[in-house]
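Written out below as structure tokens is the structure these notes cover.
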Amino acid sequence: MEATTIQSTRQPEPIILIQETTLTGEEQAQFKKLTLVWLTTALALFPILVILGLLMRGSQAAILKMSPELFYAFMTLHGLGMVGIWYIAGMAGAGLLLSRYVRPSLALSRGVFWATLVAVVLLIVATLIGKFITGWYFLYPLPLYPADVWKPWATLAFFAFLTIAGVAWTLWTVDYLRAIASRYSLKRALAWDVLFKKVKESDVPPMILILTVSLISALAGFLAAVVLIALFAAEALSSGFTNDALLMKNLVFYFGHVLVNITMYLGVAMVYELFPAFAEKGKLTTKWMVAAAWNASLLLVNLAYFHHLYMDFVQPGLLQKLGQIASYLVSVPAGVVTIISVLSLAFGSRMTWRLPSLLFFLGVMGWAIGGMAAVVDSTIVVNFRFHNTLWVPAHFHTYYLAGVVFMILGFAFQYAAELSGKAENLRLGRWLTALLTVGAYGFLSMFFYAGAHSVPRRYAVYPSEVHQGAGYAQVAIVFILLILTGVIIYLWEYGRRCVHAFSAHSH
Amino acid sequence: MRARFFCTLTLIGCLTMPLAAGKGTSAGLAGQPLKPGIPREDFYIFRKIPDAPVFTLERQTSIYRLLEKGPLLFTLVYTRCNGVCYPMIRSLRSAVERLGGLGTDYRILVLSFDPRDEPEDMAAMARVEGLSGHPHWIFGTTGPENIRQLVASVGYWRQPDSLKQQVNHPAVLIGLNRNGQIVRFLVGASIAPARLAEVIKEMRGEFVPSYPLPRKNVIFSCFQYQADKGLKLNWGFALLLMPGVVTLGGSLWIFHRGAHQRRSAPGGF
Ligand code: HEM
Ligand SMILES: [Cu+2]
């Protein structure tokens, strides 16, 4: 801490771009550039999606007037867009770190990038122009009954978006797994030597373990989406074939739950790989606790999604109980182990807190807080009260916005700083962190309060029974403006570094 | 419950009819793309029906002009029907009389879907039903092209039966709100006042919750419930397990393939 009084700026140390790599010089240059393109794309879309959130809250606060169709168009685009951009940013960052040990395909990542751009355009067209406004989860049978709110082409555009993004991201996932498999056996990648043999710690980095767990789970989630899309198509195209609503709901939450969790795990994997370097502690090794926690997650993340169906009385009770047990088990070990690891690194060192390390640290804490709120809601008796209240967006915005988004913002900043070699203004970094943190938690607490006071989610305008919702929304707007200011300052700083990195290259 | 009605009702197998009169039947009603079946309210809900002229004995008006005065209960019939049409109107009439509100909350439009029907035929039908000259029951005809459009807009079907010289068709009562949007289908020849009351409420813009019953043709459901056997697994459950199983197999395959590379690569593990 004393360091700041002596020095107010800091040259970026090489944390991401270290010597260790499997790539040749030229490949590495290309890979670095592509990673920057991925990150910049996600970051450029971020403020737009935040503004959609601001507008939604404005409508709920009874300050802005908009048609319900517009509100739900914003909501659908915001939800899918946000999950999408942080998934791609997480995958891109993880890919760069992965190239330290194994060789992900550059060509494939490029192809996926173009496919993703096409998908993004389709999503924007389907929601904003076509008014396909079912919410992110396009719950069966809603997409098949547009009731003249949207035209058939919008349904088509939406499913084209899902299919293109789904196929592209599945290939990307498979490619990372292939890369890992070309160096590690499955047993080693999953650290089974530590888990089942008397080996004390594995030299397989925790990041490889977490990524293997995440990528395998992501694959299952994407396959659930494949089945879902096929069943939708079968009903739309055939005459007479009808789907089972319970099966469709199970499939959509299998897919959605897994995708959201995996996005977080991608951020956590980065933290495991990089945080020790910030704390000047070298690298983490994979110990038994870490191996056990993440292996458990591999199984449990596939079962926890049942907690989305508690209110579906036709779902057998056994699956409901399984949902609660799996939800507890999936969050506690991975969360607790990660938090203990990060806390012990942070407090056992005399590290200088800079923007990236602060955001990493706060991101892990946000993940934990959001995770706890999720565990509360995944308790069946509590869910009777909290189901579909604003508590739900409250918890997932916590581990997203104050969790994985913080982690990825930290990563991207550090990356741009290293590429440009530009010094960091430590005071600005702290102010920026404070702005983002206060903004995020202020905004989130309004979701939490509202949820605890029975304000339902997904209302464009609150009816008189829950008029208190508007008050919370008004307060939230102030905090959203803080976040937006923070994001703009961040992007300015990030952008300056990107520009500097490129002009430095071209001379 | 609705589903059960249909089954009995789709059969609207109208009985035989004098041979002479039926000559043009199949020609006049040919070219129906819609397949016989239960009219699916969920496909058509909130769609707006197209405007069409309405010719009655007394006047000429149009559906949209009628809607200006308020919601309409709308149904399609043909006067040569030996089957469901007449009993349905009778049943509707007695339900309406029990409920009240006709003329203040809504009016009833009975249109012929048979191009051979003239306003006189429809007036005769009204007379048979004891509704002759009733101010809020409108019995009318419309143009052949308008019939085609209307039928398509509500998913109605007509199937000529040349043997019986009749036209099979469903009996559907359609609630239209004042914007001309479809808010409810009521299917069946006998109209329960309680059901009709819901349709009328919905036409006035009040929300009446309803949900579709599980349909036939569901191949993949997770479970089946039978009162005597309890819960049984069904094929859909396999689809739910599929992602996990394929992922497991796929991952093993990816890592198995990787084994070759690991062995051949220098510095491999
Ligand atoms: C400052 C940033 C953000 C603001 C102001 C914001 C605002 C909102 C609002 C007002 C809603 C609708 C809540 C309701 O009434 O149901 C919403 C929904 C949602 N948001 Fe955000 N949000 C932000 C960041 C994020 C982030 C970072 C993510 C994920 C990565 C995200 C993902 C979602 C999702 C998935 C939904 C649910 C959509 C649906 O129900 O279909 N949001 N957000
Ligand atoms: Cu008939």
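The values are calculated or read from the model by the stated rules, or taken from the named source; none is laboratory data. Fair warning: this is a prediction, and the values are worked out from it, not measured in the lab. No Cβ is skipped: glycine too gets one built from the backbone with ideal geometry, and neighbour counts run over all protein chains shown.
Conditions (1) assigned to a helix (DSSP H, G or I); (2) buried (at least 18 other Cβ atoms within 10 Å of the Cβ), marked per residue:
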| residue | (1), (2) |
| --- | --- |
| A:292 | yes, no |
| A:297 | yes, yes |
| A:307 | yes, yes |
| A:311 | no, no |
| A:318 | yes, no |
| A:331 | yes, yes |
| A:336 | yes, no |
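Looking only at the range B:148-176, count every residue that is in contact (Cβ under 8 Å) with a residue 40 or more places away in the chain and within 16 Å of the chain's Cα centre (by Cα) and tell me the total.
20
Please determine, by comparing only the residues of the range A:325-349 that are touching a residue at least 40 places away in the same chain (Cβ under 8 Å) and closer than 30 Å to residue A:11 by Cα, which one is nearest to the chain's Cα centre (by Cα).
The qualifying residue nearest to the chain's Cα centre (by Cα) is A:338.
Residue by residue, here is whether (1) surrounded by fewer than 20 Cβ atoms within 10 Å (Cβ to Cβ); (2) within 16 Å of ligand 2 (Cβ to nearest atom) holds:
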position: B:79; (1), (2): no, yes
position: B:85; (1), (2): no, yes
position: B:106; (1), (2): no, no
position: B:116; (1), (2): yes, yes
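Would you call residue A:479 at pLDDT 95 or above and out of contact with any Phe, Trp or Tyr (no Cβ under 6 Å at 6 or more places or on another chain)?
no
So residue B:228 ticks every box in (1) touching a residue at least 60 places away in the same chain (Cβ under 8 Å); (2) away from chain A (no Cβ under 11 Å) but one. Which box is left unticked?
Against the list (1) touching a residue at least 60 places away in the same chain (Cβ under 8 Å); (2) away from chain A (no Cβ under 11 Å), residue B:228 comes up short only on (1).
Can you say whether residue A:137 is in contact (Cβ under 8 Å) with a residue 24 or more places away in the chain, within 14 Å of another protein chain (Cβ to nearest Cβ) and not in a helix (DSSP H, G or I), as far as the supplied structure shows?
Answer is no for this residue.
Within the group A:69, A:13, A:26, which residue is within 30 Å of residue A:281 (Cβ to Cβ), more than 16 Å from ligand 2 (Cβ to nearest atom) and among the acidic types (Asp, Glu)?
A:13
For the range B:144-159, which positions are within 14 Å of chain A (Cβ to nearest Cβ) and within 13 Å of ligand 2 (Cβ to nearest atom)?
Correct list: B:157 only.
So, in the range A:299-326, how many residues would count as being touching a strand residue (DSSP E or B) at 6+ places or on another chain (Cβ under 8 Å) and either of a type outside the set (A, V, I, L, M, F, W, C) or more than 11 Å from every other protein chain (Cβ to nearest Cβ) (or both)?
1
Kindly provide the set of residues from the range B:216-262 that are among the charged types (D, E, K, R) and either touching an Asp or Glu at 6+ places or on another chain (Cβ under 9 Å) or under 20 Å from residue A:316 (Cα atoms) (or both), ordered by number.
The answer is B:228, B:229, B:232.
With the checklist (1) under 22 Å from residue A:80 (Cα atoms); (2) in contact (Cβ under 8 Å) with a residue 24 or more places away in the chain; (3) not in a loop (DSSP other than H, G, I, E, B) in hand, flag the one item residue A:156 doesn't pass.
Of the numbered conditions (1) under 22 Å from residue A:80 (Cα atoms); (2) in contact (Cβ under 8 Å) with a residue 24 or more places away in the chain; (3) not in a loop (DSSP other than H, G, I, E, B), the odd one out for residue A:156 is (2).
Would you call residue A:161 of a type outside the set (A, V, I, L, M), within 16 Å of ligand 1 (Cβ to nearest atom), farther than 18 Å from residue A:262 by Cβ and not in a helix (DSSP H, G or I)?
In short, no.
Just a yes or no: is a residue in the range B:131-140 of a type in the set (S, T, N, Q) and more than 16 Å from ligand 2 (Cβ to nearest atom)?
Yes, the conditions are met somewhere in the range B:131-140.
Check whether at least one residue in the range A:84-100 is surrounded by fewer than 20 Cβ atoms within 10 Å (Cβ to Cβ), at pLDDT 95 or above and either within 16 Å of ligand 1 (Cβ to nearest atom) or not in a helix (DSSP H, G or I) (or both), and report yes or no.
no
Under 20 Å from residue A:172 (Cα atoms), more than 8 Å from every other protein chain (Cβ to nearest Cβ) and at pLDDT 90 or above: is that true of residue B:241 in this structure?
No: the conditions fail for residue B:241.
So which pairs qualify, if the first residue must be in the range A:49-62 and more than 12 Å from residue A:484 (Cβ to Cβ), the second must be surrounded by 20 or more Cβ atoms within 10 Å (Cβ to Cβ) and among the aromatic types (Phe, Trp, Tyr), the Cβ gap must be under 6 Å, and the two must be at least 6 apart or on different chains?
A:56/A:74; A:59/A:71
Please pick out the residue among B:12, B:63, B:49 that is away from ligand 2 (no atom under 16 Å from the Cβ), buried (at least 18 other Cβ atoms within 10 Å of the Cβ) and modelled with pLDDT under 95.
None of the other options fit; the residue is B:49.
Looking for something assigned to a helix (DSSP H, G or I), free of Cβ contacts under 8 Å to residues at least 12 places away in the same chain and within 30 Å of residue A:274 (Cα to Cα) - is there at least one such residue anywhere in the range A:476-492?
yes
If a residue has to be at the interface with chain A (Cβ under 10 Å from one of its Cβ atoms) and buried (at least 18 other Cβ atoms within 10 Å of the Cβ) to count, how many in the range B:195-217 make the cut?
0
Could you grab me the full set of residues in the range B:160-194 that are within 16 Å of ligand 2 (Cβ to nearest atom) and surrounded by fewer than 18 Cβ atoms within 10 Å (Cβ to Cβ)?
Across the range B:160-194, the qualifying residues are B:161, B:162, B:163, B:164, B:190.
Enumerate the helices (runs of 4 or more DSSP H) found wholly within the range A:175-271, keeping only those where 1 or more residues are more than 9 Å from chain B (Cβ to nearest Cβ) and either over 29 Å from residue A:282 (Cβ atoms) or among the hydroxyl-bearing types (Ser, Thr, Tyr) (or both).
By residue number, A:206-237.
Only one residue in A:476, A:440 is within 15 Å of residue A:64 (Cβ to Cβ), more than 14 Å from chain B (Cβ to nearest Cβ) and either more than 11 Å from ligand 1 (Cβ to nearest atom) or of a type in the set (Gly, Ala, Ser) (or both). Which one?
Criteria check complete, one pass: A:476.
Can you find a residue that is within 16 Å of ligand 1 (Cβ to nearest atom), of a type in the set (Gly, Ala, Ser) and either part of a helix (DSSP H, G or I) or crowded, with 22+ Cβ neighbours inside 10 Å (or both) anywhere in the range A:57-67?
For the range A:57-67, residues within 16 Å of ligand 1 (Cβ to nearest atom), of a type in the set (Gly, Ala, Ser) and either part of a helix (DSSP H, G or I) or crowded, with 22+ Cβ neighbours inside 10 Å (or both): present.
Any idea which of A:322, A:355, A:318 is over 22 Å from the mean Cα position of the chain (by Cα), more than 22 Å from residue A:396 (Cα to Cα) and of a type outside the set (Val, Ile, Thr)?
A:318 is the lone residue from the list that is over 22 Å from the mean Cα position of the chain (by Cα), more than 22 Å from residue A:396 (Cα to Cα) and of a type outside the set (Val, Ile, Thr).
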